[in-house]
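The next block holds one structure in the form of structure tokens; read it before the comments.
The values are calculated or read from the model by the stated rules, or taken from the named source; none is laboratory data. Everything numeric here is computed off the predicted structure, so don't read it as measured data. Glycine also receives a Cβ, built like all others from the backbone with ideal geometry; neighbour counts cover every protein chain displayed.
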Number of protein chains: 2
Amino acid sequence: MAKGLTKREENYSQWYNELVTKADLAENSSVRGCMVIKPYGYAIWEKMRDALDKMFKDTGHVNAYFPLFIPKSFFTKEASHVDGFAKECAVVTHYRLKTGSDGKSIVVDEDAKLEEELIVRPTSETIIWSTYKNWIQSYRDLPLLINQWANVVRWEMRTRLFLRTAEFLWQEGHTAHATKAEAIEEAKRMINIYSDFAQNWMALPVIMGEKSENERFAGALDTYTIEALMQDGKALQSGTSHFLGQNFAKAFDVKFATKEGKEEYVWATSWGVSTRLMGALIMAHSDDNGLVLPPKLAPIQVVIIPIHKTAEQLEAINQKADTLCKLLKDKGISVKYDNRDTQTPGWKFAEYELKGVPVRIAIGPRDIENNTFEIARRDTLEKKIISIDGADVLIESLLDEIQNNIYKKAIDFRAANTHTANTYEEFKTLVKNQVGFIKAHWDGTKVTEEIIKNETKATIRCIPFDAEIENGTCIYSGKPSNKRVLFAISY
Amino acid sequence: MAKGLTKREENYSQWYNELVTKADLAENSSVRGCMVIKPYGYAIWEKMRDALDKMFKDTGHVNAYFPLFIPKSFFTKEASHVDGFAKECAVVTHYRLKTGSDGKSIVVDEDAKLEEELIVRPTSETIIWSTYKNWIQSYRDLPLLINQWANVVRWEMRTRLFLRTAEFLWQEGHTAHATKAEAIEEAKRMINIYSDFAQNWMALPVIMGEKSENERFAGALDTYTIEALMQDGKALQSGTSHFLGQNFAKAFDVKFATKEGKEEYVWATSWGVSTRLMGALIMAHSDDNGLVLPPKLAPIQVVIIPIHKTAEQLEAINQKADTLCKLLKDKGISVKYDNRDTQTPGWKFAEYELKGVPVRIAIGPRDIENNTFEIARRDTLEKKIISIDGADVLIESLLDEIQNNIYKKAIDFRAANTHTANTYEEFKTLVKNQVGFIKAHWDGTKVTEEIIKNETKATIRCIPFDAEIENGTCIYSGKPSNKRVLFAISY
């Protein structure tokens, strides 16, 4: 129930935290920084996962599974990867517990200390490339297009449900190629798939582009990203795809014999999206009444609620509802008929509104007489009375309309919250007002990027692929620049 | 290629290990006891997972996700669970690494020691019941029917791919009920689902029954099991479902208000199957030429291989094959046309035989003239020439026939390898000859069970649900018994 849900305007961050727990999406667990993904939240994640999995398979990728643990020494093999990943990690040092001397407690068995510590994977490049060494000998073994759905752990100090948790679920693709051009093409293909998924399934507009050197993945030569804008004007990095060059192939000595019989290092990519997408989905569309879900990812697309006083009325409504359910299911629409007698219709209305069910149908005694029902859209909160005849066709197209409308609202919001800054003063004022994306010229140097970040907290989210070429000067240094990059305060 | 595959008769265990790696199912990783599940093996696991997941959802269960880590103290809360599970576990003691004093290596940061160690889940009863405490207040919150697909870790000393690995993938269902009867009904429902799945999807006959007290899950009042027979005469426990009574509810103080307003402890079940099923699938059906897969779980059900000398011939075969592929796909059959020119037809024949593809089609120049092709069944290795007209219908029913035949073969094998023993001498002779299942009378005591186990290595696999009631005497003690239980040497 929306009762007690803080308004976005009052405190956006609190609104988010409350919404995640009240809508039964996730909650904090007894383990610091680790979340429990509740059934309703997990059902949404399953839909996201299945849609992505199909897109990966349709582009020739296969799934596999690699170990949870990585020997500590593996992290030292790729120099830049060490600094980026081998720090805030869960470290396994022992493999046995025993009963304590009090006969009740259990303690770590010091005799069972591992010779080499194992790290719970924060990402799997190292363990996977150490495996690829045995899988790749010749050009015939390439390309290798593998994805893994897995849990990973990064010991974050400040955590928030879905957005930043110590353990999270994700997929990580790790591909191996014979040429540089093919690897770059793959990395771009995957960021395009993420963009398609965000826009067509999540109704989430994103800007695709390249990360600046500062923001690149540890070990990558190039990182591509999709960046989305949340309702509080902050950006959320929603997926990344990395061109890794030959860094991991060299670190793990993965060479292949070319058609011409030469020996060369393999070219690599990796790419991933995580349960963080759940955070993006929630924050991008929801309102002060609760969650707003795009129909394509809603576990329940239509809910039907009976409104009755007598048992006879309920019986008549049950019959109508059953007919309607069958018609909708035949169209592949997921529908729930909630005729529980333990809750009132009012409670149910609030509950399904909070949970973002796209279409709510209410059937009362008068509807039975008139062969009608009341239909309410979650996105606009509009209601109307319609005839049951042909309702399935109407609802099918209404779900499409809602999907499109949610996307359009997000596009409009982003347009209204994207600004250009031509001077550093303009830039600082925009940042101070938390306006969203800022397009500005930048001189391309690390130094300038860092000064701007330190002074304003805004970072370069990406150098958009579709940035127009135009002559300008860097807002900070005044040096020449040939395109605007995308700045924002980010999650 | 079957080349180099040890024969089952020579060394069954070596045959299994070689088959798993040569058929690209899995391999050992650089991390002791942890496996890499390769794409072909993972594709089979995905099919198993999807079929089970649908069966769980069809019976009202939903999925969720709980943390990978469990605080050490949680294991001490349920007394019998401690001994069973809190011993051989991966223990996380630190959460940070740092660069070593040599500036190159990385070392554990001793300043980042956890106050309480975290255990990588060996099973999730404790963390889940500590969560359920907040989810269950009233009878309205029950039943709670939740499943989780996850990785778990048990630090096994002697590991074998799929059968016993330190990390494995599984599903674990954890349900909460208002009454004892309902919980028992649920535990039985789930063992029945496992049995259905084993028989109808894996073509694996299983015997359902109850575990003796010795063999029960740590913390359960009753454990139900499905037991399958492998080709070497050993039994493989393939799935278990536990009636946990109120043990975990009491350990984590999970009470609910009944309809009558009383407060009572909740009743629990848990149930799981794991990647161990892959081991059962491989061992039950495969032969000296390689894997034999039941069509319902085969990632590739039909493979088509062209046999040609000239490019023109290949062109004509490609056309026929494309037509056939389309027809088969329209019937929902997964088909692969392998016209790679990097491998010979002979190599391909051996490869797909090794990988257990149920149906192999070869098309040569003469087939083009005659509008025919050669079809070979993996299960019987029979070949015949058939007409392309109507081939899709024929292949569809052939796949069913293969599924049934594989099951029948396994049933026949089990029947031939199930014996009754009326005396301890008979029993010992049977065990020595590794004959499979032995039905024998037992006096129902722990002591007898343990003596038999110590002297013969045979254990009570289960007390079959369908055991006939008959008067008899225990083979060891001579005390009265009213039904035979199922003994075997087991994996």
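Can you tell me which residue in segment A:12-30 is farthest from the other protein chains (Cβ to nearest Cβ), limited to those that are part of a loop (DSSP other than H, G, I, E, B) and touching a residue at least 40 places away in the same chain (Cβ under 8 Å)?
A:Ala23
Looking at segment B:29-56, which of the residues that are touching a Ser or Thr at 6+ places or on another chain (Cβ under 6 Å) and within 13 Å of A:Ile128 (Cβ to Cβ) is surrounded by the fewest Cβ atoms within 10 Å (Cβ to Cβ)?
Of everything passing the filter in segment B:29-56, B:Ser30 is surrounded by the fewest Cβ atoms within 10 Å (Cβ to Cβ).
Condition test on B:Ile193, is it in a helix (DSSP H, G or I), of a type in the set (A, V, I, L, M) and within 13 Å of chain A (Cβ to nearest Cβ)?
Answer is no for this residue.
Identify all residues within segment A:240-283 that are closer than 20 Å to A:Ala51 by Cα and assigned to a strand (DSSP E or B); write none if there are none.
A:Thr240, A:Ser241, A:Ser270, A:Trp271, A:Gly272, A:Val273, A:Ser274, listed by residue number.
Where residues in segment A:252-273 are crowded, with 21+ Cβ neighbours inside 10 Å and of a type in the set (Gly, Ala, Ser), which of them is nearest to A:Asp141 (Cα to Cα)?
That would be A:Ala268.
Quick check on my filter: what residues within segment B:134-144 are within 10 Å of chain A (Cβ to nearest Cβ) and assigned to a helix (DSSP H, G or I)?
Across segment B:134-144, the qualifying residues are B:Asn134, B:Trp135, B:Tyr139, B:Arg140.
For B:Thr342, which of the numbered conditions (1) part of a loop (DSSP other than H, G, I, E, B); (2) at pLDDT 95 or above; (3) among the β-branched types (Val, Ile, Thr); (4) more than 31 Å from the chain's Cα centre (by Cα) fails to hold?
Checking B:Thr342 against (1) part of a loop (DSSP other than H, G, I, E, B); (2) at pLDDT 95 or above; (3) among the β-branched types (Val, Ile, Thr); (4) more than 31 Å from the chain's Cα centre (by Cα), the one that fails is (2).
Can you report the number of residues in segment A:94-132 which are over 19 Å from B:Asn151 (Cα atoms), facing chain B (nearest Cβ under 8 Å) and in contact (Cβ under 8 Å) with a residue 40 or more places away in the chain?
Qualifying residue count for the region: 3.
For B:Glu450, all conditions in the list (1) loosely packed, with under 13 Cβ neighbours inside 10 Å; (2) more than 30 Å from B:Asp330 (Cα to Cα); (3) modelled with pLDDT under 95 hold save one; what is the number of the exception?
Unmet for B:Glu450, out of (1) loosely packed, with under 13 Cβ neighbours inside 10 Å; (2) more than 30 Å from B:Asp330 (Cα to Cα); (3) modelled with pLDDT under 95: (3).
So that you can scan it fast, the table gives a plain yes or no per residue for (1) touching a Gly at 6+ places or on another chain (Cβ under 9 Å); (2) not acidic (Asp, Glu):
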site: A:Ile106; (1), (2): yes, yes
site: A:Glu115; (1), (2): no, no
site: A:Glu125; (1), (2): yes, no
site: A:Asn134; (1), (2): no, yes
site: A:Ile146; (1), (2): yes, yes
site: A:His177; (1), (2): no, yes
site: A:Glu182; (1), (2): no, no
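Report whether or not B:Glu9 is away from every other protein chain (no Cβ under 11 Å), more than 18 Å from A:Glu116 (Cα to Cα), part of a loop (DSSP other than H, G, I, E, B) and of a type in the set (Asp, Glu).
For B:Glu9, the condition - away from every other protein chain (no Cβ under 11 Å), more than 18 Å from A:Glu116 (Cα to Cα), part of a loop (DSSP other than H, G, I, E, B) and of a type in the set (Asp, Glu) - is met.
When you scan segment A:44-74, how many residues do you find that are farther than 26 Å from B:Met35 by Cβ, more than 14 Å from the chain's Cα centre (by Cα) and either within 10 Å of another protein chain (Cβ to nearest Cβ) or touching a residue at least 24 places away in the same chain (Cβ under 8 Å) (or both)?
2
Condition (residue is of a type in the set (A, V, I, L, M, F, W, C), in contact (Cβ under 8 Å) with a residue 40 or more places away in the chain and over 23 Å from A:Thr165 (Cα atoms)) applied to segment A:268-284: is it met by at least one residue?
There is at least one residue in segment A:268-284 that is of a type in the set (A, V, I, L, M, F, W, C), in contact (Cβ under 8 Å) with a residue 40 or more places away in the chain and over 23 Å from A:Thr165 (Cα atoms).
I need every pair where a residue in segment B:318-340 that is in contact (Cβ under 8 Å) with a residue 60 or more places away in the chain has its Cβ under 7 Å from the Cβ of a residue that is assigned to a loop (DSSP other than H, G, I, E, B) and not basic (Lys, Arg), sequence separation at least 6 or different chains.
Once the first residue is in contact (Cβ under 8 Å) with a residue 60 or more places away in the chain and sits in segment B:318-340, its partners that are assigned to a loop (DSSP other than H, G, I, E, B) and not basic (Lys, Arg) give B:Lys320/B:Ile388; B:Leu324/B:Ile388; B:Ile333/B:Gln301.
Answer yes if at least one residue in segment B:345-361 is assigned to a strand (DSSP E or B), surrounded by 14 or more Cβ atoms within 10 Å (Cβ to Cβ) and basic (Lys, Arg), and no otherwise.
Looking through segment B:345-361, at least one residue is assigned to a strand (DSSP E or B), surrounded by 14 or more Cβ atoms within 10 Å (Cβ to Cβ) and basic (Lys, Arg).
Taking the conditions exactly as written (crowded, with 17+ Cβ neighbours inside 10 Å, within 20 Å of B:Pro71 (Cα to Cα), in the same structural domain as B:Glu27 (by TED's automatic domain parsing) and of a type in the set (S, T, N, Q)), does B:Thr126 satisfy them or not?
Yes.
Quick one: count up the residues across segment B:196-206 that are surrounded by fewer than 24 Cβ atoms within 10 Å (Cβ to Cβ) and not in a helix (DSSP H, G or I).
Residues that pass the stated criteria total 2.
Kindly provide the set of residues from segment B:380-416 that are surrounded by 18 or more Cβ atoms within 10 Å (Cβ to Cβ) and among the polar types (S, T, N, Q), ordered by number.
Correct list: B:Gln403 only.
Do we find a residue being closer than 27 Å to A:Val108 by Cβ and surrounded by fewer than 21 Cβ atoms within 10 Å (Cβ to Cβ) anywhere in segment B:170-190?
Within segment B:170-190, one or more residues are closer than 27 Å to A:Val108 by Cβ and surrounded by fewer than 21 Cβ atoms within 10 Å (Cβ to Cβ).
State whether one or more residues within segment A:77-91 are acidic (Asp, Glu), touching a Phe, Trp or Tyr at 6+ places or on another chain (Cβ under 8 Å), at the interface with another protein chain (Cβ under 7 Å from one of its Cβ atoms) and outside any strand (DSSP E or B).
Yes: one or more hits.
Quick one: which residue in A:Ile388, A:Ile402, A:Ile460, A:Ile452 is under 17 Å from A:Lys234 (Cα atoms), in contact (Cβ under 8 Å) with a residue 60 or more places away in the chain and among the aliphatic types (A, V, I, L, M)?
Testing whether each residue is under 17 Å from A:Lys234 (Cα atoms), in contact (Cβ under 8 Å) with a residue 60 or more places away in the chain and among the aliphatic types (A, V, I, L, M) leaves just A:Ile460.
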